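Peer 1: Below you'll find the structure I mean.
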Amino acid sequence: MCTGIGLAAGAVIGGLLYQVAGYLICFLVIGAIVMMPVPILYTLGIRCSKTEESVENKSLLTLFCHYPVVINLFILILSYVFLKFLNPILEPFLRHTFDLDSDICGYVIASVGISYALSSPFWGYVVSKYKTLKVYIVSVGLVIVLIGSAVIGPLMNLQPSVTFTCIGLVLIGAGDAAIAVAGFFILIDESNVAGFGNDEVATACMAGCFMGADAIAGIIGPPVAGMLFDKFGYLDATLYIFFSTSFMVLLNISYIMVLARREKLGLVNMETSPLLQSKSKPTL
């Protein structure tokens with residue numbers, strides 16, 4: 001949810017600041033905002049260090065050798081790439097195609113972040129209420145992203161418009177939220193299966209991997225978007241989202257097959273395990 005709020009607020013505030021005061025002020029403002037939480041984090045760090053308990057050291061190598069963890073991390077990385085992919089190519093497309101000002105472009109780009117932020121609590125409620133459906137919620141999210149990418153791209157042969165662009169962005173934001181929320185809890189379940197346990201350390205490691213996926217996407221998304229935009233243009237470049245999502249569907253199917261094999265062999269079935277409360281057993 002906070003990621004979506006940041007995406008929405010950043011696009012709108014950045015567009016307004018650029019329109020009013022130019023390029024430099026955007027970086028000065030973001031630098032000031034980034035420094036604001038430092039005193040709060042420092043205070044919280046002191047409090048946590050006073051109550052810290054000794055915990056067992058765990059190897060991340062064990063985690064990354066666990067096939068389902070790798071699959072779901074890869075799905076998360078690709079889903080976040082979509083958000084980073086769109087930012088650098090949407091603004092020039094909107095400005096040149098529809099002659100929009102920078103602040104209006106910011107509002108349009110913010111639609112994906114607003115959709116992500118508003119739908120995240122809903123997906124969180126669905127995951128917590130229907131614990132056995134996490135992997136299928138990821139599937140639903142992938143289908144929503146496929147539809148959204150088809151709307152903003154050339155597949156549906158729609159006449160480009162601000163309305164269709166906003167609809168496609170809203171769908172991509174909602175689908176990415178479903179993938180991220182369900183994927184996070186799948187990672188926690190699978191880390192438990194890999195022998196990481198279900199304590200605060202394991203959850204913190206998974207949160208770190210989750211944010212690492214976002215950071216890796218930030219490295220991959222903009223360069224790929226820029227190259228495809230320069231070579232093929234905006235509409236054809238968005239096909240990257242469609243084909244990447246199709247590949248993610250195959251990865252998710254392979255994970256469902258792993259779950260089915262576990263159940264067939266009588267091993268632990270993480271689909272039916274409670275969130276954060278599963279008991280670790282040997283498994284695939």
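The values are calculated or read from the model by the stated rules, or taken from the named source; none is laboratory data. Only a predicted model underlies this, so the values are computations on that prediction, with no experimental measurement involved. Because the Cβ atoms are built from the backbone with ideal geometry, glycine has one as well, and the counts that use them run over all protein chains shown. Surface accessibility is based on the protein's heavy atoms, side chains included, excluding ligands, DNA and RNA. Shrake-Rupley method; radii C 1.70, N 1.55, O 1.52, S 1.80 Å.
Peer 1: If I ask for residues that are open to solvent by less than 30 Å² (accessible area, probe 1.4 Å), within 17 Å of ILE179 (Cβ to Cβ) and of a type in the set (A, V, I, L, M), which ones from segment 202-226 would you list?
Peer 2: MET206, ALA213, ALA217 - these are the residues of segment 202-226 that are open to solvent by less than 30 Å² (accessible area, probe 1.4 Å), within 17 Å of ILE179 (Cβ to Cβ) and of a type in the set (A, V, I, L, M).
Peer 1: For the structure I just gave you, tell me whether GLY175 is of a type outside the set (Phe, Trp, Tyr) and farther than 23 Å from MET257 by Cβ.
Peer 2: Spelling it out, it is not the case that GLY175 is of a type outside the set (Phe, Trp, Tyr) and farther than 23 Å from MET257 by Cβ.
Peer 1: Return a yes/no flag: does segment 102-120 have any residue that is acidic (Asp, Glu) and either out of contact with any Leu (no Cβ under 6 Å at 6 or more places or on another chain) or open to solvent by less than 20 Å² (accessible area, probe 1.4 Å) (or both).
Peer 2: No, segment 102-120 contains no residue that is acidic (Asp, Glu) and either out of contact with any Leu (no Cβ under 6 Å at 6 or more places or on another chain) or open to solvent by less than 20 Å² (accessible area, probe 1.4 Å) (or both).
Peer 1: Right, another one. Pull up segment 179-201, narrow it to residues that are within 14 Å of ILE75 (Cβ to Cβ) and in contact with a Ser or Thr (Cβ under 7 Å, 6 or more places away or on another chain), then point me to the one that is most open to solvent (accessible area, probe 1.4 Å).
Peer 2: VAL181
Peer 1: Which condition from (1) free of Cβ contacts under 8 Å to residues at least 40 places away in the same chain; (2) open to solvent by 10 Å² or more (accessible area, probe 1.4 Å); (3) touching a helix residue (DSSP H, G or I) at 6+ places or on another chain (Cβ under 6 Å); (4) assigned to a helix (DSSP H, G or I) is the one that LEU158 breaks?
Peer 2: (4)
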